[in-house]
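A.B. asks: What follows is a structure written as structure tokens; I'll ask about it next.
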Amino acid sequence: MSRPRVFVTRVIPDEGLRPIVETCDATVWQDELPPPRAELLRAVQGCDGILTLLTDRVDDELLDAAGPQLRVVSNFAVGYDNVDVPACTARGVAVGNTPGVLTETTADLAFALLMAAARRLPESERYVQEGHWRTWGPLTLLGPDVHGATIGIVGFGRIGQAVARRARGFGMTVLYQNRSPVDPAVEAELGAAGLPLEELLPRSDFVSIHVSLSADTRGLIDAEKLAWMKPTAILVNTSRGPVVDSEALVDALRRGVIAGAALDVTDPEPLPADHPLVGLDNCLVVPHIASASFATRDRMAAMAAANLLAGVRGERLPTPVNPEVYG
């Protein structure tokens with residue numbers, strides 16, 4: 001019996017790659033950069049399954065290229081805004097993701113970014129490296145306290161709540177905004193109060209974004225919303241880059257509308273080295289590393305592999321995005 005054909009669009013941790021290679025006729029894209037579109041369309045031809053990353057657009061064109069035998073698209077991510085899920089469902093293609101696995105690791109990074117921006121760690125490192133550190137100074141590189149401050153969390157799902165737990169450990173006041181009601185027991189446990197954005201933003205010393213990307217959230221944090229924030233506030237984004245209007249953010253940081261920003265995700269992504277956000281002292285940018293711990297990436301790889309292998313066997317995916325595909 002022939003082995004199922006699959007294409008893996010990047011080298012993933014061995015926890016997931018090994019079982020795929022052992023059981024499938026697998027082609028794995030070896031380059032650090034994602035496959036160019038033409039290469040991707042060629043590589044998926046005749047495949048039973050595809051393991052994709054956020055950088056790989058799965059749309060009608062790709063589905064046409066793959067052919068009618070395609071059974072599964074397994075996305076190596078929690079988000080799946082790179083996948084046209086309705087198009088997959090219409091063709092009977094199951095879509096999988098890796099939910100829940102990176103909650104705590106992402107919350108760790110969000111809080112690390114918050115603290116690094118507040119205490120101006122990147123600027124301080126450059127200050128030393130560039131030879132400016134000649135003595136202790138009472139006014140050198142001052143920043144706001146984190147403990148006792150107010151954090152506004154936009155999007156109060158698993159990751160937002162995990163950030164709130166960390167904030168409580170620093171004695172912070174926790175405010176949140178969420179599209180749907182939050183269990184009162186969760187509010188009580190976290191000491192969190194729900195507010196609309198027009199009230200949350202003016203009251204928050206730190207604003208941390210944790211929403212998925214959709215038509216409703218694209219450009220959510222625009223010039224108007226930034227103007228609602230305190231001039232001393234710091235914005236942290238570990239969700240998706242397009243949730244924040246990049247041009248508006250550049251203008252707000254330059255004019256002192258807000259004090260600073262810390263970004264794990266950007267629009268565009270990757271952010272060119274000559275982009276204005278990269279050159280601003282009050283903007284910390286890191287390269288989408290929220291889930292970049294050894295343990296978390298191993299678990300993501302194992303989950304993505306489990307979805308892929310279940311799909312090519314005609315079995316229900318462990319974590320399907322479109323369970324309606326099963327009828």
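The values are calculated or read from the model by the stated rules, or taken from the named source; none is laboratory data. Since the structure is predicted, the reported quantities are computational estimates derived from the model, not experimental observations. Cβ placement follows ideal geometry from the backbone for every residue including glycine, while neighbour counts extend to all protein chains displayed. Each accessible area value is taken on the protein alone, full model and side chains, heavy atoms only, with ligands, DNA and RNA left out. Shrake-Rupley method; radii C 1.70, N 1.55, O 1.52, S 1.80 Å.
A.B. asks: Evaluate E = 1/(1 + (r/R0)^6) for THR232 and SER2, where r is the Cβ-Cβ distance and R0 equals 51 Å; express this FRET efficiency to the nearest 0.05. Please list the in-between numbers first.
C.D. replies: On the way: r = 63 Å, r/R0 = 1.24.
Working from the Cβ atoms, E equals 0.20.
A.B. asks: Let me ask you something else. With a 1.4 Å probe and all protein chains left in place, how much of the accessible area of the stretch 1-90 comes from carbon and sulfur atoms, in whole percent?
C.D. replies: Working: 2320 of 4410 Å².
On the stretch 1-90, the fraction of accessible area on carbon and sulfur atoms equals 53 percent.
A.B. asks: I'd like the accessible area for THR217, computed on protein heavy atoms only with a 1.4 Å probe and all protein chains in place. Round to 10 Å², please.
C.D. replies: Solvent-accessible area, nearest 10 Å²: 10 Å².
A.B. asks: Moving on. Please report the carbon-and-sulfur percent of the accessible area for the stretch 184-327; probe 1.4 Å, protein heavy atoms only, DNA, RNA and ligands left out. Before the final figure, lay out each step's value.
C.D. replies: Working: 3520 of 6490 Å².
Answer for the stretch 184-327 is 54 percent, counting heavy atoms of protein chains only.
A.B. asks: Could I ask something else about it? At a Förster radius of 41 Å, what calculated FRET efficiency corresponds to the Cβ-Cβ distance of ARG313 and GLU32, to the nearest 0.05?
C.D. replies: The pair ARG313/GLU32 has a calculated efficiency of 0.85.
A.B. asks: With springs connecting C-alpha atoms under 10 Å apart, model the chain as a Gaussian network and identify which of ASN282, ASN307, ASN82 has the largest mean-square fluctuation.
C.D. replies: The residue with the greatest mean-square fluctuation here is ASN82.
A.B. asks: What do you get for the angle between helix 158-169 and the principal long axis of the chain? Use alpha-carbon atoms, 0 to 90 degrees, nearest ten.
C.D. replies: Once rounded, one gets 30 degrees.
A.B. asks: Let me ask another. For the chain, set up a GNM with springs between Cα atoms under 10 Å and report which of GLU187, GLU39, GLU130 has the largest fluctuation.
C.D. replies: GLU130
A.B. asks: So if I place +1 on the C-beta of Lys and Arg and -1 on the C-beta of Asp and Glu, and nothing else carries charge, what would the dipole magnitude of the chain be about its Cα centre? I want it in debye, nearest 20.
C.D. replies: Approximately 540 debye in magnitude.
A.B. asks: Oh, and also: With the other protein chains left in place, how much accessible area per residue, in square angstrom, belongs to the chain at a 1.4 angstrom probe?
C.D. replies: Here the residues of the chain average 48 Å² of exposed surface.
A.B. asks: Run the numbers for ILE289 and ARG134: contour at 0.36 nm per residue of separation, minus the present Cα-Cα distance, in nm.
C.D. replies: 52.4 nm
A.B. asks: Same structure, new question: Hey, in the GNM for the chain with a 10 angstrom Cα cutoff, which one of GLU15, GLU125, GLU198 fluctuates hardest?
C.D. replies: GLU125
A.B. asks: Continuing with this model, one more query. Kindly state, to the nearest 0.05, the FRET efficiency for LEU197 paired with THR23, given R0 = 51 Å and r defined as their beta-carbon distance.
C.D. replies: Calculated value: 0.60.
A.B. asks: Next up: Given the Cα-Cα distance of ARG126 and GLU189 and 0.36 nm per residue of separation, how much length would full extension add, in nm?
C.D. replies: Gain in length upon complete extension: 18.7 nm.
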